[in-house]
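Shown next, in structure tokens, is the structure this report addresses.
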Amino acid sequence: MTNPILEVRNVSKRFGGVEALRDVSLEVKRGSITGLIGPNGSGKSTLFNVITGFYKPDSGSVYFEGRRIDGLNPNEIYNIGIARTFQIPRLFGSLTTLENMMLSPRGQKGESLLRAPLRKAWVNEELQIANEVKNLLKEFNMDGAYRMVASSLSGGHVKMVETSKGILGRAKLILLDEPTAGVHYAVGRSLFEYISYLRKTANLTFFIIEHRIDLLFDYVDYVYVLHMGRLLSQGTPEEVASDPKVIEAYIGGA
Amino acid sequence: MFDIVSFLVSWFPIFSIYAILALCLNMEIGYTGMANFGLVAFYAIGAFVAGYTSMTIFLSFYGYNYPIYSLDAIITMGKIAGRTPWLNISVFILSLILAFLVAGLAGYLVSFPTLRVGPAFLGITILSFGEMLRVFMKHFQPTGGSYGLLGIPHPFAWVSDPLIKNLLFVIVTLVILILVFIYFELLANSPYGRALKSIREDEIASLCLGKPVPRIKAELLFVASGVSGIAGALYVFYLGSVAPDMFVTAVTFEVWSMVILGGRGNNMGAILGALIFSLLNRATAILNFIFLDLLIDPNYIRWMITGILIIIVLMYRPKGILAEKTVKTDAWRIFGEAQRDWDRITAMIQVANRYLKRAFHWLIGRETK
Amino acid sequence: MEVPRELINTTWYTCLYSLMAVPLTLSYRTSKVLNFAHGIYITIGAYIPVFISRGLGISVSPIIAILSSFTAGAILAMVSHLAVFSPLIKRKATPVTLMIASMGLWIFIKYALYAALSILQRSWMTQLTYTNPNIDIPSSISFMGIEINARLLLTILLVIVVFTLLTLFLMKTKTGMAIRAIADNPELAQLTGISREKTLLIAWAISGGIAAIGGFAWSIFAYVSPETGDNLILQVFACSVIGGLVSLSITFIGAIIISSAENLLIILLNRYFGVELSFRPFLSFLILLLTILIRPPAGAGGGLPYRYKITGYISRLLRRREENV
Ligand SMILES: Nc1ncnc2c1ncn2[C@@H]1O[C@H](COP(=O)(O)OP(=O)(O)O)[C@@H](O)[C@H]1O
Ligand SMILES: [Mg+2]
């Protein structure tokens, strides 16, 4: 299938005097890994926040699988299949890693008031999710961290747990906001390896903000470049890397 | 000199009523982070619903049509309360159910305006709600205005020996306390309990993980307020009377201190807190009784100690006596963690189930295999 | 000329509520502590003139009473901050924890006051739990041939003076500007070298002091009891909620709204709909609820950062019901 899973049409968003997004339109193809890059403050995180219902766009619209989703509440957007991670991770500080990760999968049976006291109703699902968590932790070499309280994790681990939460959400589209910031380079690479493995096996779509452009470009199919809230350029990694406007924006911005 | 049975009879129902309230508040503040400063309102609603229902049913059953708050009604109740055991019991059960439903509904409705606002506004709104309800009940004639209701039929009024009557009531409150405890433990140690804790930690992040935060809060306020209503009903049947001024804000604060001292987010802690404060309560009552003409009312001292204790606990031991535990679900088994707490509860339920079956079979006159 | 009684009451309560609610908003805005002990500052303010007049057996001049009430309230608020709130904030306590702590403080001071009153009652041999101070004010003064209630005049003057001084202080002085800076952006204020601790302390002193002056204003009209402040807290909260716990001037408008509702609206409702006068507090509560529903004070009290769409919530509930049918 080549039809876009996510479509952003002419979205604008201002914060007081700051124009964080200005008439941004883009598409994410189903089953792709799409990148979103741009200098700091160019509006990347704001775009994610608009897509996930965290902010309401001033104008423009967002479509997911052909359905208009801007204006829905964040929990509704999550439940139709868009998971996101935060640039500054928002883990539940006094819960353990395991509990943090177990919270991700959407539509858990045991999360209803009536079924919760009936262990039989949710125990199988619970065991299955716990298994997934265990495998994921092993994948990221964090086996022992499951019983650590989230507020006592190291910075890199926090970031990995945040990313794992995005992956575990049983979403169709996963938005990752700088997943490898503060993470060791080799770990970052294995994270991207895992992402492209998931894309192939689980038919997931990824939309990733990333500052390590060298790393990102090895794995993405398509890249969008934001600059001062506007879409500056788009294309395959090669096209973008050779676009003079992009080079200028990065050098000019630095 | 010290009569253990009469102490038990007078202390235990109060303890279990407070323990139930503390468990409810613990679900709200300890698990979900909802600062319910108006707990007393739901307690009061339960109390008035129980008082109103039982008086009305009794009087109309015996064909009297006095207003339920009139002197005639009180005198009549004294005569008819012990005549029909089945009526007492069924009115008691019905009152508990109605108290749960009405108080729960009130909690659900109160949650509505506060879905979107932060803890400070929730605190103000619910606190005001509690105060307003008390003022309202003072002017509400059908439940006797500021004098309230008297002569509410004890569920075991038909038992002639007062000691046995009171012991039966102790057993009933104990059973209800255990049931509430088990229910809340089951709720807390489930994916639902985990979602509750995520709301307490960071409600926005929880919302972004698809948890319907406002709905969960409303549901929880329904359940916890409803159970507080049951506690109110028990209190009314224990005292035999109900009046608006029994439900001042200080009661809410007393329950808060139990939860803070015992340990937020730990149901055993809530019960421990209730135990400590209800004993402290008794001690001041005894002091008051022994030294009739004290310069300072021991109650003032007790309240001062309570206030200071809260601040000290918050500063030096914010987790309380019993610290919070992780959410015990089967997920830990995958990681090879022992499930002791969980297993204990399951075992408890199985035992209770067995006894219930046996009691049922005995009632219908059949042998248990 | 006869001024209607209702109008006088409205003015009077506007003065009282504004003196009590504006400092609550100020303290919340600067320290982010919702202080349930606020009512007790009011009570103490009302009791200080009683203590002076009964203790010395004299009638106090209003100036001395006002100043001593202010001082007592300010000291109490500063002690609250230094002993309770500041250490808790340093320990990274959540807003809820701070609220609980303020409740502990409230209970402690209130019953300490009760205890003190019962000792003083014995030694002074007078009734103190339901009393009024002996303050040296004539009941009315003649002004160009018009008889004016001197107590009301004093209260109105007090409100004008207090709020003029407060505005000047916040707008013109360095400390006042520091208070506003801390309220609006604590991190930034810290960076610019404002001492947070000192500024907060002054803000607390001012809010405790003004609340205590509100208590004094109450005591020259009505009886004083240890419950005085608590009995007014619902109305005071409602005024502050109208101000969103942020805006001092809207809180003042809130005081006007609440006192009009309790003194004018209730009369109308009574006359035309037969609503009982005792239903006064419900109007305040209703206004509080409406404020939260119609204009949820986003941001100020934490909570969801945007407006969670309740309409969406309702329509989804309805839709679910339809699906079930
Ligand atoms: N909640 C907010 N309030 C005010 N300004 C904001 C807010 N969020 C983002 N901004 C502003 O919007 C611009 C874009 O920010 P952001 O999307 O975080 O950039 P990026 O993620 O690309 O680094 C920045 O100038 C930032 O200051
Ligand atoms: Mg960003």
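The values are calculated or read from the model by the stated rules, or taken from the named source; none is laboratory data. Not measured: the values here are computed from a predicted model. Here the Cβ is made from the backbone with ideal geometry for all residues, glycine too, and neighbour counts use every protein chain on show. Note: areas computed on protein heavy atoms with side chains; ligands, DNA, RNA excluded. Shrake-Rupley method; radii C 1.70, N 1.55, O 1.52, S 1.80 Å.
Straight-line reach from B:K357: which aspartates and glutamates have Cα under 12 Å away, leaving out those fewer than 8 places along the same chain?
Correct list for B:K357: B:E367.
Hey, what angle do you get for helix A:119-139 against the long axis of chain A, alpha-carbon based, 0 to 90 degrees rounded to 10?
So the helix axis and the longest Cα principal axis differ by about 50 degrees.
In the structure displayed, which of B:K217/C:K110; A:K138/B:K217; A:K56/B:K211 lie more than 26 Å apart, Cα to Cα?
Pairs exceeding the cut-off: B:K217/C:K110; A:K138/B:K217.
Just tell me the longest site-free run in chain B, where the sites are chymotrypsin sites (Phe, Trp or Tyr not before Pro) in a DSSP loop having at most 13 other beta-carbon atoms within 10 Å.
Answer from the scan: B:3-290.
With θ set to phi - 60°, apply the Karplus curve 6.51 cos²θ - 1.76 cosθ + 1.60 along the range A:3-9 and write out the HN-Hα couplings as whole Hz, x wherever there is a Gly or Pro.
5, x, 7, 10, 10, 10, 10
Name the shape class, rounded, prolate or oblate, that the alpha-carbon gyration tensor gives for the range C:5-324, where a ≥ b ≥ c are the square roots of its eigenvalues, rounded holds for a/c under 1.5, and otherwise prolate holds if a/b is larger than b/c and oblate otherwise.
The shape class here is oblate.
Give the accessible surface of chain B per residue, rounded to a whole number of Å², with probe radius 1.4 Å and ligands, DNA and RNA excluded.
With the other protein chains kept in place, chain B gives 40 Å² per residue.
Can you tell me the 0 to 90 degree angle between the C-alpha axis of helix B:340-363 and the longest principal axis of chain B, rounded to 10?
Once rounded, the angle reads 30 degrees.
For the range C:68-219, what D do you get in µm² per second when you plug the Kirkwood radius from alpha-carbon pairs into Stokes-Einstein at 25 °C and 0.890 mPa s?
It diffuses with D of about 133 µm²/s by this estimate.
If a/c stays under 1.5 just call it rounded; otherwise compare a/b with b/c (prolate if a/b is bigger, oblate if not). Do that for the range C:1-93, with a ≥ b ≥ c from the square roots of the Cα gyration tensor eigenvalues.
In terms of gyration-tensor shape, oblate.
Ignore the peptide's own chain and count Cβ atoms of other chains within 10 Å of each Cβ in A:122-132; give me the average, rounded.
The per-residue average across the peptide is 4.
For chain B, which whole-number percentage of the solvent-accessible area (1.4 Å probe, protein heavy atoms only) is attributable to carbon and sulfur atoms?
That fraction is 69 percent.
Let me cross-check B:C208: its accessible surface, 1.4 Å probe, with only protein heavy atoms counted, in Å² to the nearest 10?
10 Å²
Efficiency by 1/(1 + (r/R0)^6): what FRET value for B:D297 and A:S196, r their Cβ-Cβ distance, R0 = 51 Å, to the nearest 0.05?
In this case the efficiency is close to 0.10.
Would you mind checking which residues have amide H under 5 Å from A:S233's amide H? H placed 1.01 Å from N; only 5 or more apart, or other chain.
Amide H neighbours of A:S233, under 5 Å, 5+ apart: A:V225.
Rounded, prolate or oblate, given the Cα gyration tensor of the protein assembly as shown, with a/c below 1.5 counting as rounded?
Here the protein assembly as shown falls in the oblate category.
Measuring from label point to label point, each 7 Å out along Cα→Cβ, what is the A:E238 to B:A347 span in nm?
Going from the A:E238 label point to the B:A347 one covers 6.8 nm.
Please sort through the DSSP H helices of chain C and keep those with an alpha-carbon extent of at least 24 Å along the long axis and a Kyte-Doolittle average not below 1.6.
Passing helices, by number: C:62-80, C:150-172.
Note down the accessible area of A:S59, probe 1.4 Å, to the nearest 10 Å².
Looks like 50 Å² after rounding.
Show the residues, 5+ positions off or on another chain, whose built amide H is closer than 5 Å to the amide H of A:S32.
Excluding prolines and chain starts, which carry no amide H, the hits are A:F206.
The range C:48-153: which trypsin sites (Lys or Arg not before Pro) are DSSP loop and have at most 15 other beta-carbon atoms within 10 angstrom?
Filter output for the range C:48-153: C:R91, C:K92.
Cα convex hull of the range B:270-343: how many Å³ per residue?
It is 101 Å³ per residue.
What does the buried accessible surface come to for B and C, summed over both chains, with the probe at 1.4 Å? Round to 100 Å².
Buried area (both sides, nearest 100 Å²): 5200 Å².
If Lys and Arg each add +1 and Asp and Glu each add -1, what is the summed charge of the other residues whose beta carbon sits under 10 Å from the beta carbon of A:R147?
My count for the surroundings of A:R147 gives -2.
Roughly how many Å² is the accessible area per residue of chain C, as a whole number, for a 1.4 Å probe?
Ligands and nucleic acids excluded, the figure is 44 Å² per residue.
Helix A:244-253: angle to the longest alpha-carbon principal axis of chain A, degrees 0 to 90, nearest 10?
The angle comes out at about 70 degrees.
Which cross-chain or sequence-distant (5 or more) residues have an amide H under 5 Å from the amide H of A:R84, H modelled 1.01 Å from N in plane?
For A:R84, the qualifying residues are A:L175.
Compute the longest continuous run of chain C that contains no exposed chymotrypsin sites (Phe, Trp or Tyr not before Pro); treat a site as exposed when its DSSP state is not H, G, I, E or B and it has at most 12 other Cβ atoms within 10 Å.
The segment C:1-129 is the longest one with no such site.
How high is the FRET efficiency between A:N135 and B:R215 when r is their beta carbon distance and R₀ equals 35 Å, given to the nearest 0.05?
0.65
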